[in-house]
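*Asks:* Input: one structure, supplied below.
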Amino acid sequence: MSDLNAVTMIIRTVGERTQAACRESIRAQGVDDAQIITVREAPFSKAMRVGFEAGIAAGREWTFCIDADVIMRPGSIAAMMRQAMQQPPEVFELQGVVLDKLFVTLREAGNHLFRTSLLPEMIELIPEEGQSLRPETTAMEGMKARGYPWTRVPYVVGLHDFGQNNRDIFRKCYTHAQKHSHLLNELLPKMRERAAADHDFAVAIAGLAEGLKATGAVRIDIAHRPFAERFEAQGIEEKRHAR
């Protein structure tokens, strides 16, 4: 049996501009449509749960969760599956790296290849909404404490956050201002350097600035009202819909 037949692909989306491109980047690698499930839920903790439950119900050995802001590299699914098949049984998750536009670097984001048999335990460890800015990492740390580690694969899975709507760029960076505040001294100069030539970075800087002003708790939830309120206040024109 091909390694591709042993994986269910879960696309997690909140309406990203690259949702269709993400799906096509999976289909182009030879994955059958029946193996691709799209989950559109918010907040993110609910999207995690629903996606994991879908992977369990599909019954394949591995469940590959991909965020819709990732466009996968050709051959990346097979490459990650080859790595997965070589892991000892206690390893429950593998993660590659992506070329992240907004962070201007390679980093771990937007992709998680889970051993399906261990997802019920992962579901038990999903934190209540609002308790963590990184609910997936929190649950993974819990799995590690139970004796199920994860591993990083030094392989570029795809592109992350290229071609997104201005609203989504703003929202993400609003959150990043608190979620990744320790990186801002490194990140802001890179964004400023690129903002004149690429408006995405100007929007990103605006999102960071508003996030730094926030005095209330930030939630990983697209429906969190301050995201929309502060974006509308900027008067930023939205991009045309992606074809």
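Coordinate-derived values only; no laboratory data. Everything numeric here is computed off the predicted structure, so don't read it as measured data. Cβ: placed from backbone, ideal geometry, glycine included. Neighbour counts: every protein chain shown.
*Asks:* Mean-square fluctuation check for the chain, GNM, Cα pairs under 10 Å: which of ARG134, ARG40, ARG225 is largest?
*Replies:* In the Gaussian network model the winner is ARG225.
*Asks:* Running a GNM on the chain with Cα contacts under 10 Å, which residue among ALA79, ALA196, ALA209 ends up with the highest mean-square fluctuation?
*Replies:* Comparing ALA79, ALA196, ALA209 in the GNM, the peak value goes to ALA196.
*Asks:* Of all DSSP beta bridges located in the chain, what percent are antiparallel, nearest 5?
*Replies:* On the way: 13 of 30 bridges.
In the chain, DSSP labels about 45 percent of beta bridges as antiparallel.
*Asks:* Quick check: pseudo-label points 7 Å beyond the Cα along Cα→Cβ at GLU193 and GLU121, how many nm apart are they?
*Replies:* Roughly 4.3 nm, to one decimal.
*Asks:* If you don't mind, there's one more thing I want to ask. Cross-chain or 8 or more residues apart, Cα under 25 Å: how many lysine pairs in the chain fit that? Count them up, please.
*Replies:* Lysine pairs, 8 or more places apart or on different chains, close enough: 16.
*Asks:* Multiply the residue gap between ARG225 and LEU4 by 0.36 nm, knock off their C-alpha separation, and tell me the result in nm, one decimal place. If you can, show how the numbers build up before the last one.
*Replies:* On the way: separation 221, 0.36 × 221 = 79.56 nm, distance 4.01 nm.
Fully extending the segment from ARG225 to LEU4 adds 75.6 nm.
*Asks:* Looking at the chain as a GNM with Cα springs under 10 Å, which of GLN35, GLN131, GLN86 has the largest mean-square fluctuation?
*Replies:* Between GLN35, GLN131, GLN86, it is GLN86 that shows the largest mean-square fluctuation.
*Asks:* From the Cα gyration tensor of region 99-243, with a ≥ b ≥ c the square roots of its eigenvalues, which class applies: rounded if a/c is under 1.5, or else prolate if a/b is larger than b/c, or else oblate?
*Replies:* Prolate, since a/c reaches 1.5 and a/b exceeds b/c.
*Asks:* I would also like to ask the following. Expressed in nm to one decimal, what extension gain is obtained for the pair LEU212 and HIS182 from 0.36 nm per residue of sequence separation less their Cα-Cα distance? Numbers along the way, then the final one.
*Replies:* Details: separation 30, 0.36 × 30 = 10.80 nm, distance 1.22 nm.
Difference between extended and current length: 9.6 nm.
*Asks:* Given points 7 Å out from each Cα along the Cα-Cβ axis, report the GLU238 to LYS46 separation in nanometres with one decimal.
*Replies:* 2.1 nm
*Asks:* Follow-up. Please report the projected area of region 3-160's Cα convex hull averaged over all directions, in nm².
*Replies:* On the way: hull surface 33.6 nm².
Over all viewing directions, region 3-160 projects a mean Cα-hull area of 8.4 nm².
*Asks:* Kindly state, as a whole number, the per residue volume in cubic angstrom of the convex hull around the alpha carbon atoms of region 166-234.
*Replies:* Numbers: hull volume 5.1 nm³, N = 69.
Measuring per residue, one finds 74 Å³ for the Cα hull of region 166-234.
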